[in-house]
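Notes for the one structure printed next.
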Amino acid sequence: MKNRVVITGMGVCAPNGIGLAQFSDAIFSGKSGVTFHQQLADLNFGCQIAGQPDVTPELLKKYFTPLQLRDLQSSGIEYGMIAGVDAWKDAGLNIMDKDAVDYDSGIIFGVSLLGAEKFRSAIYQTDEGKVRRLGSTTVIQTMASGISAYLGGYIGCGNQVTTNSSACTTGLESVLMGYERVRNGDAVRMLVGSCNDSGPYIWGGFDAMRVLTKKYNENPTAGSRPMQEDANGFVPGSGAGALVLESLDSALSRGARIYAEVLGGAVNSGGQRMGGTMTAPNSEAVQHCIRTAVRNSHIDSQDIDTINGHLTSTGMCPTEIKNWSEALELRGKDFPYINSLKSMTGHCLAAAGSIETVATILELKNNKVFGNINTGNLHPDIKGIIDDSCVPSHTVNKTICIAAKASFGFGDVNCCMIFKKLTA
Amino acid sequence: MNTKHYDELKNIIKIYLPEDVSVDDIKPTSHLTQELNINSANLVDIVLDVEDHFDITIEDDEIEKMETVKSAIEIIEAKVL
């Protein structure tokens, strides 16, 4: 007997809003979090705009001790703690006392890489022969599992506490992994999510690959244009999203507020074959992933009310729409609504999947499909597949029972999840 | 023991105290990890702060002897005086 799994808590630290209230207002009113970054201009970046959460020193004091803050140089840990602790508290769950451990609760919190600023400082000191000056936190701020370790210690989790990493699929993959653990009865609840550092050392490699837009340095909020004909590269982002996944039995027995049920999902890889490469997806595998997620969720594709796509604002958006359309066997006006949070946040990389899942669940909860911003110029190849009305440019009021979310990543990896409003 | 050095060391140590240990709990005889409950990983940070503040270098074998506030002061004073 498998457990049904529900979402009972959420937290978010996004470029366009920190905390559920601010973020919810932002996504439904079309607020962009993309801004000009003088530092990127000074460093000769082609793309000088980015999405970065506006975290203040005052806010950090709520999540870290003065000692932890003293030499904290890992923006990913900052974002991840804000989102993760908020999600836990949003679920009405307790922080364990000093002498108690919760063996039923675990964490899977993903990253791409962590603590780039800290690592940079450590490299300089090491190269100067001052390795003994690195202090005690270089390792914990730069190990990938640093964020799950910080969260695990804050909460007192005693179940599996780990970190996953699959490039831009990371955030959604953590949801699937946590879901499987609760469904199989290995944990009662799992805090899942992901975070991504901000800054030039994170974004520079993408700038060098020429996959970032360079044409909107004077007009930052217009830079991220998923599905538009004039999209010419993504806007780099950062942040964190977090969700508490819990068995339905546990949620009901403690009277928890339930946002949605996780119906199922799928993860796979295109093997970097058949059109798939290190950086581009094998479309057959993408479609296989979406179809498997739908089948695992025991729904029909026409039951899907809205899709939150990966849709990064590169030239790949039409291919993604084609893959959704062929996998779901839905075209034209039969295709559901589809949107991309990246139009407002930029591409938050490893954090994208979790932040966008939080946005998707807020859509389910509020019966609203958030509008894409920077629209009006839908790519002709997309117009040939789905109706213009499927891509809303303003928030639409609509009863949403089932929502689909997918993320795709370098390494030709894919993940798709299906969420449903809880019904008896 | 020079009270100035003692107060300065106390100022360094207090940053590393866990939340349930007060700065008033620091006594010359206090054991850093066993009584003040300072995380042993933070001892290396205390040593770095001490080195910066007193402009001295503390060797690895001396760190091992820095068990109490008093023994730390003795190591410091042997170098600054």
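In table form, for the structure just shown:
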read-out: Condition broken by A:Cys47, with the remaining ones in (1) within 14 Å of another protein chain (Cβ to nearest Cβ); (2) in a loop (DSSP other than H, G, I, E, B); (3) crowded, with 18+ Cβ neighbours inside 10 Å satisfied; value: (1)
read-out: Matching option when the condition is over 24 Å from A:Lys421 (Cα atoms), surrounded by 15 or more Cβ atoms within 10 Å (Cβ to Cβ) and touching a Gly at 6+ places or on another chain (Cβ under 8 Å), among A:Gly19, A:Gly76, A:Gly84; value: A:Gly76
read-out: Candidate set from the range B:7-34 (those that are charged (D, E, K, R) and more than 13 Å from chain A (Cβ to nearest Cβ)); member that is surrounded by the fewest Cβ atoms within 10 Å (Cβ to Cβ); value: B:Asp24
read-out: Restricting the range A:121-162 to residues that are in contact (Cβ under 8 Å) with a residue 40 or more places away in the chain and of a type in the set (Val, Ile, Thr), the residue that is farthest from the other protein chains (Cβ to nearest Cβ); value: A:Thr162
read-out: Among (1) assigned to a loop (DSSP other than H, G, I, E, B); (2) touching a residue at least 40 places away in the same chain (Cβ under 8 Å); (3) surrounded by 14 or more Cβ atoms within 10 Å (Cβ to Cβ), the one test that A:Met278 misses; value: (3)
read-out: Residue list for the range B:12-43, filter: free of Cβ contacts under 8 Å to residues at least 24 places away in the same chain and under 10 Å from the mean Cα position of the chain (by Cα); value: B:Lys14, B:Leu43
read-out: Meets criteria (buried (at least 24 other Cβ atoms within 10 Å of the Cβ), out of contact with any helix residue (DSSP H, G or I) (no Cβ under 8 Å at 6 or more places or on another chain) and at pLDDT 95 or above) for A:Gly346; value: yes
read-out: Number of positions in the range B:35-57 that are crowded, with 17+ Cβ neighbours inside 10 Å, more than 10 Å from chain A (Cβ to nearest Cβ) and closer than 16 Å to B:Glu74 by Cα; value: 2
read-out: Residue tally, condition part of a loop (DSSP other than H, G, I, E, B), closer than 18 Å to A:Thr306 by Cα and touching a helix residue (DSSP H, G or I) at 6+ places or on another chain (Cβ under 9 Å), over the range A:369-397; value: 8
read-out: Residue, farthest from A:Phe419 (Cα to Cα), within the range A:295-331, restricted to residues that are within 21 Å of the chain's Cα centre (by Cα) and of a type in the set (A, V, I, L, M, F, W, C); value: A:Met316
read-out: Output for the range A:50-68, where each listed residue is in a helix (DSSP H, G or I) and either of a type in the set (S, T, N, Q) or within 14 Å of chain B (Cβ to nearest Cβ) (or both); value: A:Pro66, A:Leu67, A:Gln68
read-out: Test: residue in the range A:193-205 that is in contact with a Pro (Cβ under 6 Å, 6 or more places away or on another chain) and either crowded, with 23+ Cβ neighbours inside 10 Å or not small (Gly, Ala, Ser) (or both); value: yes
read-out: Hits in the range A:230-248 (condition: outside any strand (DSSP E or B) and either surrounded by 24 or more Cβ atoms within 10 Å (Cβ to Cβ) or touching a strand residue (DSSP E or B) at 6+ places or on another chain (Cβ under 7 Å) (or both)); value: A:Ala231, A:Gly233, A:Val235, A:Gly237, A:Ser238, A:Leu248
read-out: Residue among A:Gly178, A:Gly193 that is touching a Phe, Trp or Tyr at 6+ places or on another chain (Cβ under 8 Å) and either farther than 30 Å from A:Asp381 by Cβ or more than 14 Å from every other protein chain (Cβ to nearest Cβ) (or both); value: A:Gly193
read-out: Close pairs from the range A:87-113: first under 18 Å from A:Gln160 (Cα atoms) and touching a residue at least 12 places away in the same chain (Cβ under 8 Å), partner of a type in the set (Val, Ile, Thr) and loosely packed, with under 15 Cβ neighbours inside 10 Å, Cβ under 8 Å, at least 6 apart; value: A:Trp88/A:Ile95
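The values are calculated or read from the model by the stated rules, or taken from the named source; none is laboratory data. Worth saying up front: this structure is predicted, and the values here are computed from it rather than measured. In this analysis, Cβ positions are derived from the backbone assuming ideal geometry, glycine residues included, and neighbour counts consider all displayed protein chains.
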